[in-house]
1. Please list the non-local residues whose amide H lies under 5 Å from the amide H of L31, H modeled 1.01 Å from N, same-chain partners needing a gap of 5 or more.
2. Label the chain by shape, choosing from rounded, prolate and oblate, from the square roots a ≥ b ≥ c of the eigenvalues of the Cα gyration tensor; if a/c is under 1.5 it is rounded, and otherwise prolate applies when a/b is larger than b/c, oblate when it is not.
3. Take every DSSP beta bridge with both residues inside the chain and express the antiparallel ones as a percent of the total, to the nearest 5.
4. Taking all protein chains in place and a 1.4 Å probe, what share, in percent, of the accessible surface of segment 6-108 do carbon and sulfur account for?
5. Can you list the GluC sites (Glu not before Pro) in segment 1-78 that are in a DSSP coil and have 12 or fewer other beta carbons within 10 angstrom?
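The values are calculated or read from the model by the stated rules, or taken from the named source; none is laboratory data. Predicted model only: the values in this text are computed from it and were never measured. For neighbour counting, all protein chains shown are included, and Cβ atoms are generated from backbone atoms with ideal geometry for every residue, glycine included. Keep in mind that these areas ignore ligands, DNA and RNA; they rest on the heavy atoms of the full protein, side chains included. Shrake-Rupley method; radii C 1.70, N 1.55, O 1.52, S 1.80 Å.
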Amino acid sequence: MARPDVESVSGSLIRLAEWPPEGLSEIEVPLDGEPQSLILLRQGDQLRAWLNICPHAGRRLDWAPGKFLVDRGHLVCAAHGASFELDRGECIAGPCRGASLRPVAVSAG
Ligand code: FES
(Lines give C-alpha, C1' and ligand atoms only; values in the text may rest on other atoms or scores of the structure.)
Protein backbone atom coordinates (compact mmCIF):
# COMPACT_ATOMS: atom_id res chain seq x y z
CA MET A 1 0.00 0.00 0.00
CA ALA A 2 1.31 3.44 -0.91
CA ARG A 3 2.30 5.77 1.86
CA PRO A 4 0.15 8.91 2.16
CA ASP A 5 3.10 11.09 1.17
CA VAL A 6 3.35 9.29 -2.18
CA GLU A 7 0.66 10.51 -4.53
CA SER A 8 1.35 8.36 -7.54
CA VAL A 9 3.92 6.09 -9.05
CA SER A 10 4.14 5.50 -12.77
CA GLY A 11 6.72 3.52 -14.61
CA SER A 12 9.08 6.45 -14.77
CA LEU A 13 7.99 9.08 -12.26
CA ILE A 14 7.23 9.07 -8.56
CA ARG A 15 5.13 12.02 -7.42
CA LEU A 16 5.40 12.88 -3.75
CA ALA A 17 2.34 14.59 -2.22
CA GLU A 18 4.61 16.85 -0.15
CA TRP A 19 8.16 18.11 -0.32
CA PRO A 20 10.51 16.07 1.85
CA PRO A 21 12.62 17.86 4.46
CA GLU A 22 15.76 19.69 3.36
CA GLY A 23 18.79 17.44 2.96
CA LEU A 24 18.83 13.66 2.87
CA SER A 25 15.84 11.55 3.78
CA GLU A 26 14.42 8.15 2.94
CA ILE A 27 11.05 7.02 1.70
CA GLU A 28 9.56 3.68 0.81
CA VAL A 29 7.51 3.54 -2.39
CA PRO A 30 5.92 0.74 -4.38
CA LEU A 31 7.95 0.01 -7.51
CA ASP A 32 6.93 -2.85 -9.77
CA GLY A 33 4.59 -4.00 -7.02
CA GLU A 34 7.33 -4.25 -4.40
CA PRO A 35 8.22 -1.79 -1.63
CA GLN A 36 11.44 -0.02 -2.52
CA SER A 37 13.52 2.33 -0.40
CA LEU A 38 14.63 5.58 -2.01
CA ILE A 39 17.23 8.11 -0.93
CA LEU A 40 15.83 11.62 -1.34
CA LEU A 41 17.99 14.73 -1.52
CA ARG A 42 16.22 18.07 -1.31
CA GLN A 43 18.22 21.22 -1.81
CA GLY A 44 15.77 24.13 -1.88
CA ASP A 45 13.48 23.53 -4.84
CA GLN A 46 15.71 20.80 -6.26
CA LEU A 47 14.84 17.21 -5.55
CA ARG A 48 16.88 14.16 -6.50
CA ALA A 49 16.34 10.50 -5.71
CA TRP A 50 18.23 7.24 -6.00
CA LEU A 51 17.48 3.67 -5.10
CA ASN A 52 18.72 3.02 -1.58
CA ILE A 53 20.92 0.21 -2.88
CA CYS A 54 24.71 0.45 -2.78
CA PRO A 55 26.37 -0.68 -6.02
CA HIS A 56 29.09 -2.42 -4.00
CA ALA A 57 27.21 -5.24 -2.29
CA GLY A 58 23.56 -4.26 -2.67
CA ARG A 59 23.08 -3.14 0.91
CA ARG A 60 21.08 -0.11 2.04
CA LEU A 61 23.25 2.97 2.48
CA ASP A 62 21.58 4.23 5.68
CA TRP A 63 22.58 2.84 9.09
CA ALA A 64 18.96 3.06 10.26
CA PRO A 65 15.96 3.98 8.10
CA GLY A 66 16.52 7.56 6.94
CA LYS A 67 19.77 7.97 8.91
CA PHE A 68 22.65 8.63 6.53
CA LEU A 69 26.34 9.20 7.10
CA VAL A 70 27.64 12.35 5.42
CA ASP A 71 31.32 13.28 5.26
CA ARG A 72 32.40 16.57 3.70
CA GLY A 73 29.23 16.71 1.61
CA HIS A 74 29.49 13.12 0.42
CA LEU A 75 27.05 10.34 1.23
CA VAL A 76 28.89 7.43 2.85
CA CYS A 77 27.52 3.90 2.74
CA ALA A 78 27.14 2.61 6.28
CA ALA A 79 28.11 -0.94 5.28
CA HIS A 80 31.67 -0.61 3.95
CA GLY A 81 32.28 3.11 3.55
CA ALA A 82 31.84 3.80 -0.16
CA SER A 83 31.60 7.56 -0.63
CA PHE A 84 29.20 9.11 -3.17
CA GLU A 85 29.15 12.65 -4.48
CA LEU A 86 25.62 14.00 -4.54
CA ASP A 87 25.41 15.68 -7.94
CA ARG A 88 25.37 12.49 -9.99
CA GLY A 89 25.44 9.83 -7.29
CA GLU A 90 28.86 8.59 -8.39
CA CYS A 91 31.08 6.64 -6.02
CA ILE A 92 34.30 8.61 -5.65
CA ALA A 93 36.04 6.52 -2.99
CA GLY A 94 35.75 3.06 -1.52
CA PRO A 95 35.11 -0.43 -2.83
CA CYS A 96 32.87 0.55 -5.79
CA ARG A 97 34.75 3.63 -7.01
CA GLY A 98 33.40 4.71 -10.42
CA ALA A 99 30.02 2.99 -9.99
CA SER A 100 26.89 5.05 -9.44
CA LEU A 101 23.70 4.97 -7.47
CA ARG A 102 20.67 4.31 -9.67
CA PRO A 103 18.70 7.55 -10.13
CA VAL A 104 14.90 7.64 -9.88
CA ALA A 105 12.74 10.43 -11.31
CA VAL A 106 10.66 12.14 -8.62
CA SER A 107 8.58 15.28 -8.34
CA ALA A 108 6.93 16.87 -5.31
CA GLY A 109 4.30 19.38 -4.37
S1 FES B 1 27.53 -2.24 0.43
FE2 FES B 1 28.04 -0.12 0.36
S3 FES B 1 30.18 -0.08 0.50
FE4 FES B 1 29.68 -2.18 0.56
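1. Q36
2. prolate
3. 90
4. For segment 6-108, the apolar C and S fraction of the accessible surface comes to 47 percent.
5. Passing sites in segment 1-78 are E18, E22.
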